[in-house]
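Novice: Would you mind keeping the following structure in view while I ask a few things?
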Amino acid sequence: MHRVQGSKEVQLIECVNPVKNKWRVRWDVQESKDGSATFMEAEFLHKPTVAQIKEVIIPWYNSLIDQQILSGFSYEGMKVWLSSENQFNYKSAYDLAVQTSGATLPVTFKFGTDEQPQYRKFETLSELSDFYTKAMTFIQNTLANGWKQKDSVDWSKYGEEADNG
């Protein structure tokens, strides 16, 4: 699968070579200002079922959502990597600070990148709470937006059998 440029009226499913029974499935059509569009495209060596199409498109959306969560958050102008491990570490530090009324503070986190690390020392529970709340809100909003994108796919445009699986 790859991103392709073409017409905004592109067919979402198309037999491109009847002799070889080669089909292309397209999604995430993004219109450009010049009237063209870009879209994701996957090729099949048979006419795919809606279930097979979902097996390609849904993981693609999930990967986009995961990547956005991982690298899309910034705090105080610093890029914050929200890997599962980092999320766990932030939650642990936050929970412990709350449980001890801030006795475990200060706590320092490394933000930025490996090439340009930036360190942020949280001195108060209020500071740490602000960071943690913003990070969790970002994750929740990113997930909600991702669910909305996936839910907006009209599977009936890919064939008769628009099942809900």
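Novice: So, by mean Cβ neighbours within 10 angstrom, what's the order for 146-156, 127-137 with the highest one leading?
Specialist: Ranking the peptides 146-156, 127-137 by packing returns 127-137, 146-156.
Novice: For segment 94-100, in order, what is each residue's ³J(HN,Hα) by Karplus, 6.51 cos²θ - 1.76 cosθ + 1.60 with θ = phi - 60°, in whole Hz (x at glycine and Pro)?
Specialist: Couplings: 5, 4, 5, 5, 5, 5, 9 Hz.
Novice: For the pair Asp114 and Asp28, what calculated FRET efficiency results from E = 1/(1 + (r/R0)^6), where r is the Cβ-Cβ distance and R0 = 35 Å, to the nearest 0.05? Write down the numbers at each step before the final one.
Specialist: Details: r = 31 Å, r/R0 = 0.88.
After rounding, the FRET efficiency stands at 0.70.
Novice: Using only Cα atoms, tell me the angle between helix 125-151 and the longest principal axis of the chain; keep it within 0 to 90° and round to the nearest 10.
Specialist: 10 degrees
Novice: How large is ³J(HN,Hα), in whole Hz, for each residue of segment 58-63 in order, when computed from phi with the Karplus curve 6.51 cos²θ - 1.76 cosθ + 1.60 and θ = phi - 60°, using x for Gly and Pro?
Specialist: 4, x, 4, 4, 4, 5
Novice: Now, a different point. What is segment 30-81 by shape, rounded, prolate or oblate, if you read a ≥ b ≥ c off the alpha carbon gyration tensor as root eigenvalues and call it rounded for a/c under 1.5, prolate for a/b larger than b/c, and oblate otherwise?
Specialist: Numbers: a/c = 4.66, a/b = 1.64, b/c = 2.84.
Verdict is oblate for segment 30-81.
Novice: Right, here's the next one. Here is the link list: Lys8/Lys157; Lys79/Lys157; Lys33/Lys157; Lys47/Lys150; Lys79/Lys148. Which ones come out longer than 27 Å on Cα distance? Don't skip to the end; give the middle numbers.
Specialist: Working: Lys8/Lys157 15 Å; Lys79/Lys157 39 Å; Lys33/Lys157 25 Å; Lys47/Lys150 22 Å; Lys79/Lys148 25 Å.
The pairs that break the limit, which is 27 Å between Cα atoms, are Lys79/Lys157.
Novice: Oh, and also: Using packing as a proxy for protection, rank 35-48, 2-15 so that the peptide with the highest average count of other Cβ atoms within 10 Å comes first. Present the calculation step by step, with values, prior to reporting the outcome.
Specialist: On the way: 35-48: 15.0, 2-15: 12.4.
Ranked by mean Cβ neighbours within 10 Å, highest first: 35-48, 2-15.
Novice: A follow-up question, please. Per residue, how much space in cubic angstrom lies within the convex hull of the C-alpha atoms of segment 68-126? Walk me through the intermediate numbers first.
Specialist: Numbers: hull volume 4.7 nm³, N = 59.
Given the Cα convex hull of segment 68-126, per-residue volume reads 80 Å³.
Novice: Give me, ordered by chain and number, the residues 5 or more places off Tyr75 or on other chains with an amide H under 5 Å from its own placed amide H.
Specialist: Answer set, sorted by chain and number: Val80.
Novice: Under the Karplus relation 6.51 cos²θ - 1.76 cosθ + 1.60, θ = phi - 60°, what is the ordered set of whole-Hz ³J(HN,Hα) values for segment 15-26, x standing for Gly and Pro?
Specialist: 7, 9, 8, x, 5, 8, 6, 9, 10, 10, 10, 10
Novice: Over all directions, average the projected area of the Cα convex hull of the chain and note it in nm².
Specialist: On the way: hull surface 52.7 nm².
Orientation-averaged projected area of the Cα hull: 13.2 nm².
Novice: Describe numerically, in nm with one decimal, the distance between label points set 7 Å from Cα along Cα→Cβ at Gln11 and at Ser156.
Specialist: So the two model labels end up 2.0 nm from each other.
Laboratory data are not the source of any read-out in this text; all were calculated from the coordinates shown. Quantities reported herein were computed from a predicted structural model and do not represent experimental measurements. Because the Cβ atoms are built from the backbone with ideal geometry, glycine has one as well, and the counts that use them run over all protein chains shown.
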